[in-house]
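The values are calculated or read from the model by the stated rules, or taken from the named source; none is laboratory data. Keep in mind that this is a model prediction, so the values were computed, not measured. Note that we place each Cβ from the backbone using ideal geometry, even for glycine, and neighbour counts take in every protein chain shown. To get the accessible areas, we keep the full protein, side chains included, count just its heavy atoms, and leave off ligands, DNA and RNA. Shrake-Rupley method; radii C 1.70, N 1.55, O 1.52, S 1.80 Å.
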Amino acid sequence: MTPEELELAFHKALDLYRTSLRRAARDPYDILNLMAYGDRLTLARNLEQWSSYDLQALRAGPLCLVFLPGETFVEIALAIREESPFEHTFVSGYNDLTPVYVPDETAFEEGGFEVGLWCYSTPETSKVMVR
């Protein structure tokens, strides 16, 4: 979505949320959609700052520790371990304050909430991390 389309989607979600406040039965997805569009709009407005992820690795002899951003799928960690030239490679996720899912390529093909509004990654992101 373009920033303009996100702006419209955000305002529609905001209107829906305001309407739900007046209803007796609220749809919990009204607030989740509002938050998701708000996050995406913030991302779009600050794309340059959010267009890269920090990865850290620490090696000591045969030991390698890899620290990944956000909620990285376990398949990515397993691929990193498999490709690692070191005897002992440990991979850890959730190592920064990046509010993102980092799904593997298969997840994008299967669909689901991880690759929906809350996902700021692309199918190529996991390949880059493993490389």
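Rounded to the nearest 20 debye, what is the charge dipole size of the chain about its Cα centre when +1 sits on each Lys and Arg Cβ and -1 on each Asp and Glu Cβ? Please list the in-between numbers first.
Numbers: 11 positive and 21 negative charges, 107 e Å.
My answer is approximately 520 debye.
Report relative contact order for the chain in percent, whole number only (criteria: Cα-Cα under 8 Å, sequence separation at least 6).
Details: 164 pairs, mean separation 25.9, N = 131.
Dividing the mean separation by the residue count of the chain yields 20 percent.
Relative to the present Cα-Cα distance, how much length would full extension add between R81 and K127 at 0.36 nm per residue of separation?
Numbers: separation 46, 0.36 × 46 = 16.56 nm, distance 1.34 nm.
Between R81 and K127, full extension yields an extra 15.2 nm.
Accessible area, 1.4 Å probe, largest first: how do V130, V66, V74 sort? Mind dumping the intermediate values first?
Working: V130 45, V66 20, V74 90 Å².
Greatest to least solvent exposure: V74, V130, V66.
How large, in percent, is the carbon and sulfur part of the accessible surface of the chain at a probe radius of 1.4 Å? Kindly include the intermediate steps, with their values, before the conclusion.
Values: 4890 of 8800 Å².
On the chain, the fraction of accessible area on carbon and sulfur atoms equals 56 percent.
Are there any GluC sites (Glu not before Pro) in the stretch 67-122 that are in a DSSP loop and have at most 13 other Cβ atoms within 10 Å? List them by number.
On the way: sites: E71, E75, E82, E83, E87, E105, E109, E110, E114; in loops: E87.
Listed in order of number, the matching sites are E87.
How far apart, in nm, are the 7 Å Cα→Cβ label points at T2 and F113?
If labels sit at T2 and F113, their model points lie 3.1 nm apart.
If you roll a 1.4 Å probe over the heavy atoms of the protein chains, what accessible area per residue do you get for the chain, in Å²? Could the numbers behind the result be given before it?
Values: 8800 Å² over 131 residues.
With all protein chains present, the chain gives 67 Å² per residue.
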